[in-house]
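Just so you know, all these numbers are worked out from the coordinates, no wet-lab data involved. Remember, predicted model here, so these are calculated numbers, not experimental data. Cβ coordinates were reconstructed from backbone atoms using ideal geometry, including for glycine residues, and neighbour counts include every protein chain displayed.
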Amino acid sequence: MKNVFQNILIALFLSHNLFANEVNIYTSRHYDADDILYDEFTKETGIKVNIISGSGSALMERLKAEGQNSPGDVFFTVDAGNLSKFQNEGFFQTIESEKIINVVPKELRGPNDEWISIAKRARVIFYNPENVSEDEIKNISYEDLSDSKWKGRIVIRSSSNMYNQSLVASLISNNGIEATEKWAKELVSNFARKPQGNDRSQILAVANGEADIAIANTYYLGYMLSGRGGEEQEMAGNKVKIYFPNQDNRGTHVNISGGGVLKNAPNKANAVKFLEFLLTEKAQTHIVNNTFEYPILDTVMPNPLIAQFGTDFKIDSTSVADFGDLNPEAVKLMDRAGWR
Ligand SMILES: [Fe+2]
C-alpha cells in the first residue's frame, strides 16, 4: 500500500512538472539584449529559459494548435494591443503576485491582471527645428496635427502598425469615434508622403527635410543617438528634436512592453518568477539601457540619451487595456480615413 501511494505521488509530481526547473517563453520581441536578461535570470534562479520566438500571429496559431498540452509558460511582447489579443483568445491566466501588483500601476495591467507592463514607450512628435519653430510646436497635441497648416508636412508609418492602431484607439477612448474619424481624415490629408517604412524611417525623413514632423516612439531616437545603428542614423538623430504632445490636457500617449502567464503553463511558478525578475532594479536598468524604453520602477532612471529630453512629462493615464478593446474600431476607422 505504501508503495502504491508513493508511486501515485511520483506520478502526480511528474505530471505537474514539479521537478522541471525551467520556463518556456514565447516571445515576439526581437532584441538581442533580451538574451542577456534570460541568462541573468538563469544565473540568479537556476531556472533554465527556453525561448520560442515568432511573430504574434504565428505564436497565436501555435498556442491554438498546442491547446491544453502547450509547454508555453510566458508570452512576452510589445504593445498592449498584442497582449489584449492574446487575452481575448483566452490564452492568459490571472497573475498572482503581490510583488508585481505593488509596482505596476493598474492602468498598465490587463483588466484582471492577465498581463503586466515591464517597460513604457512614449509615442511623440519628432520635428526638425530648421523647419518648425518653437512657437509652432509649443503646446501641440495629437489633435492639432489635423490642422491644415501641417499640409504636406507630416510623416507616420502605415495603419497596419500596432503602435498607430493603439494611438488611434487612445484617441477614440478620449474623443469618441466621430471626432477621431474626422481627425484621422484631416491628418491623412496632411501627410508628406504615402506611409512607408518603420518608425526610424519617419525620423530620418524629418532629419533630411522630407517632412517637418513625424510621429514615432522615443526609444528609436535613443537607439539612433547611441551610434548602434551607424553613423548616418546618429547624425540624423542629432538633427531632430522631440516634443511630448498633450501636456496641456491628458498627457502623452504611452504604450508598453509586457508579458503574461499562459493559461496552461506547466511551470506557472517559474513564469511568475520570470515576470517578477523583469521588474527588479537590475533587469529594469538593463532594459532601459538597451531598448531605451522608460522603466516601470521609479527607482530606475531612463537612459541619459532619452532622459535628456525630459523625464517628468505628463503621461496619458488612459488604461492601456483600452487599446486592445478599441483596436477593431481603430483599424476600421483608419481604413475609412484612407490611412494606408
Ligand atoms: Fe518598436
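Here are a few things to note about the model shown:
- Shape call, the stretch 179-272: gyration tensor on alpha carbons, a/c limit 1.5: oblate
- Cross-link partners for LYS99 among the lysines, with Cα-Cα distance under 19 Å and sequence neighbours closer than 8 places in the same chain left out: LYS120, LYS268, LYS273, LYS282.
- Seen from LEU204, the other residues with C-beta closer than 11 Å to its C-beta sum to a net charge of -1, counting Lys and Arg as +1 and Asp and Glu as -1.
- Length-normalised contact order for the chain - Cα pairs under 8 Å, 6+ apart - percent: 29 percent
- In percent, rounded to a whole number, the relative contact order of the stretch 191-284 is 17, using alpha-carbon pairs under 8 Å and six or more apart.
- Whether the chain is rounded, prolate or oblate, judged on the alpha carbon gyration tensor where a/c under 1.5 counts as rounded: prolate
- 11 Å beta-carbon shell around TRP150, net charge (K/R +1, D/E -1): -2
- Unit Cα scatterers, Debye sum, the stretch 272-314: log10 I(q)/I(0) for q = 0.13, 0.14, 0.21 Å⁻¹: -0.27, -0.31, -0.63
- Using distinct alpha-carbon pairs, which all enter the 1/r mean, Kirkwood radius of the stretch 66-107 in Å: 12.1 Å
- Global form of the stretch 135-225, assessed from the alpha-carbon gyration tensor, a/c cut-off 1.5: prolate
- When each of the peptides 85-97, 104-116 is scored by how many other beta carbons lie within 10 Å of its residues on average, the order from highest to lowest is 104-116, 85-97.
- Measuring max minus min along each principal axis, the C-alpha atoms of the stretch 162-214 give extents of 35, 21, 14 Å (largest first).
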